[in-house]
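Enquirer: Dropping the structure in here first, questions after.
The values are calculated or read from the model by the stated rules, or taken from the named source; none is laboratory data. The shown structure was predicted, so the numbers you read here are calculated from the model rather than taken from an experiment. We place every Cβ from the backbone using ideal geometry, glycine too, and count neighbours over all the protein chains shown. Surface accessibility is based on the protein's heavy atoms, side chains included, excluding ligands, DNA and RNA. Shrake-Rupley method; radii C 1.70, N 1.55, O 1.52, S 1.80 Å.
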Amino acid sequence: MSEAAAVEERVEEQTDAYAEERLDGLADVPADAAADRAEPGPPAQTPRPEAPTANVLKGRIKVADEVVEKVAALAALEIPGVADLGGDLERAFESVRDRIGVGSKRATQGVEARIQDQRVSIDVTIVIVYGHVVMDVATEVKVNVARSVSRMLGMHVVEVNVTVDDVRLPGQDRPAEAAQAS
């Protein structure tokens, strides 16, 4: 018997038992008095079975590494002073993909996450905008990535390693923007 059928059967049993109690209570009262008592009002509600709680409900939840990487990438890009994500090779590859029009930029570029027993380790590679203090930006990235992943995914962030791979100079566009401009 399926779980839904079992729940439906329990509801029917509870409804029948409730109806019998109501009829037994009315059997002791004379018919005239029972008619006087029956007031047209809202219909009696049948008790519903309680929904199972998260502690009782079986099943598991699995979060893919890519989900953690996307959340971390977006959190890193929120920080003022972060120009881009990824190392030289990754950014060069994305530039070529943009020029030939194949695919779109990967949202997880420059971020790698490892999940083990609801504990997450994250590596983030960033490009800093010239003029920002590198250590301050890297620290803000580290804190924001840990906070966002912890809050949004409910996982314990063990470590966030930030690698500053490059500095974007003033007037230097992103490779994709430079290709579109020409």
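Enquirer: Return the residues of the stretch 134-157 that are hydrophobic (A, V, I, L, M, F, W, C) and in contact with a strand residue (DSSP E or B) (Cβ under 7 Å, 6 or more places away or on another chain); say none if nothing qualifies.
Expert: Selection gives V134, V137, A138, V141, V145, A146, V149, M155, V157.
Enquirer: Sort out for me the strands (runs of 3 or more DSSP E) sitting completely within the stretch 34-150 that have 1 or more residues that are modelled with pLDDT of 90 or more, of a type in the set (S, T, N, Q) and open to solvent by less than 60 Å² (accessible area, probe 1.4 Å).
Expert: The strands (runs of 3 or more DSSP E) meeting that bar are 119-129.
Enquirer: For A178, state whether it is modelled with pLDDT under 95 and surrounded by 11 or more Cβ atoms within 10 Å (Cβ to Cβ).
Expert: It is true that A178 is modelled with pLDDT under 95 and surrounded by 11 or more Cβ atoms within 10 Å (Cβ to Cβ).
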